[in-house]
Amino acid sequence: QNICKPEGFIRDTYSDFDTIESLNHRVARPLDKLIHTKFFRTLKVDLYKPCRFWRTEGSCFQRDCIVQPMDESQVPAEWCAETIDQNDFGPFLGSFPRQRPEYTSKDFVVVNDETYGDGLWLDLVENPERFTGYAGAGANAVWMSIYQDNCFGVAPYLQDTAGGWGSQLVNLDGKTMPFVLPPHKRRELTSFLESLTEEDRGVTLPTDVPREYRVFYRAISGLHASVSTHICAEYFNSTSERWEPNLGCFISRIGAFPDRLQNMYFNFVLLTRAIQKMEPYIAAYDYTTGVARDDRAVKRLVPKMLKAVKKAGMIFDEKELFRGPSGRELKTEFQANFRNISRIMDCTGCEKCRLWGKTQTMGIGTALKALFSYPDRAFRGRFTSLDFKRNEIVALITTYFQFSRSLDAIEMFREMYQDIVTDW
Ligand code: FAD
């Protein structure tokens, strides 16, 4: 039996850990192949919008923080703005260029306009999310501003760590724990685990916190945990100069906090449910890029992914949210705060972290938009009422893959941890 395998229901969903892990086993491969195709790996991101909340200082200029832009001649012409002479527009046709507004009433994030807006075309596969070395006050400020100013005051209540990974290692009566980490790191991790207070370990959530607020917090905390998981799964070991998993990093940032772990599964459920709802639209979408091999692969892989997602059944019921007399007000507040978080991402002082922060916020925002801004029927028939841009679809599927990677990494770390505890 695996001591760290989570069991039971994933809070605020109708699904359990086992179901979600087996779903992930089915979608992981098609997703992995999909995100390597031209359509899904190519994205235009506005990386240089100024931070509108505080003065950012000390950007990270280390090699791993910098993104590699792609050769724009490789971007399909239909995705780019043609050079149009302003005189081609009649006097009443509005300003030029015709940008999409920053957001519409249906959006949960600020959506960059790939055709007319600013930004860099990037190859996501060439710029993977992993350890960059970006840390310290600047990075903490972004996360803290998100939790303290935009999470409806829920954050302090949800830091429960009871039974987290590592508890098997700290209750060893002072014996040294056999750990994969070098001795000084072992001591650091042990004292970190011992320093967790009772309050850290199990504060119960007050019953009067609206479910919408909890969902909001889980989405953000799950995203943060997933970013941390990728950092720890692809960690740069400066001694061996190799990229490798770092179990100590994982335990101290995520494993010791079951709620953070759970919130990654929660996001996977949320994204799965959105893809289920959007199924006919995603199936009918035109993914043509002109690269025959990739276009053929997408035609095969999208139905495969959709089939697995459909089979998961009813795992989350979005209709239970934003109901009753305060529903409309809660939704407006939820949308405003989520949009704000998409703007806070501009304050991230490391290009590659900003790229992934923005892309994944947009991915989750796209899922929220599908779940809460449209009725089921909008995704059937001719989709005339829908307003999803290409980059929203790319962000949604890419983000789904990022969480799938995180769930894979959790299983990998679980095995590493299990081996240590068993051997001991
Ligand atoms: P942080 O991760 O900065 O967390 C700050 C505090 O938040 C913690 O002390 C804890 O109290 C709380 N907390 C932590 N996790 C959670 C959670 N899941 N739920 C609730 N509360 C939590 N670094 C990279 O190496 N690669 C990247 O790709 C990368 N992307 C980033 C993207 C963004 C948008 C940001 C803001 C930062 C990114 N970073 C990245 C930096 C990274 O997230 C950490 O900030 C950094 O590694 C320092 O970690 P830390 O241990 O100080 O805690």
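Computed from the coordinates by the stated procedures, all read-outs in this text should not be read as laboratory data. The shown structure was predicted, so the numbers you read here are calculated from the model rather than taken from an experiment. We place every Cβ from the backbone using ideal geometry, glycine too, and count neighbours over all the protein chains shown.
The order of 252, 404, 105, 226, going from fewest to most other C-beta atoms within 10 Å of their C-beta, is 105, 252, 404, 226. Here the gap between residue 389 and residue 238, fully extended at 0.36 nm per residue and compared with their Cα-Cα distance, gives a gain of 50.3 nm. Projecting label points 7 angstrom from Cα along Cα→Cβ for residue 78 and residue 125 puts them 2.1 nm apart. Here the relative contact order of the stretch 245-337, from alpha carbon pairs under 8 Å that lie six or more residues apart, stands at 24 percent. Under the shape rule built on the C-alpha gyration tensor, where the axes satisfy a ≥ b ≥ c, the stretch 285-419 is rounded, since a/c falls short of 1.5.
Put a dot 7 Å past the Cα of residue 59, heading toward its Cβ, do the same for residue 329, and the two dots end up 4.2 nm apart.
Please work out whether the stretch 201-343 counts as rounded, prolate or oblate from its C-alpha gyration tensor, where a ≥ b ≥ c are the square roots of the eigenvalues and a/c under 1.5 means rounded, while otherwise a/b larger than b/c means prolate and anything else oblate? Oblate, since a/c reaches 1.5 and b/c is not below a/b.
Go through 369/389; 277/299; 44/277; 277/311 and tell me which ones have a Cα-Cα distance over 23 Å in this structure.
Details: 369/389 12 Å; 277/299 19 Å; 44/277 26 Å; 277/311 13 Å.
The answer is 44/277.
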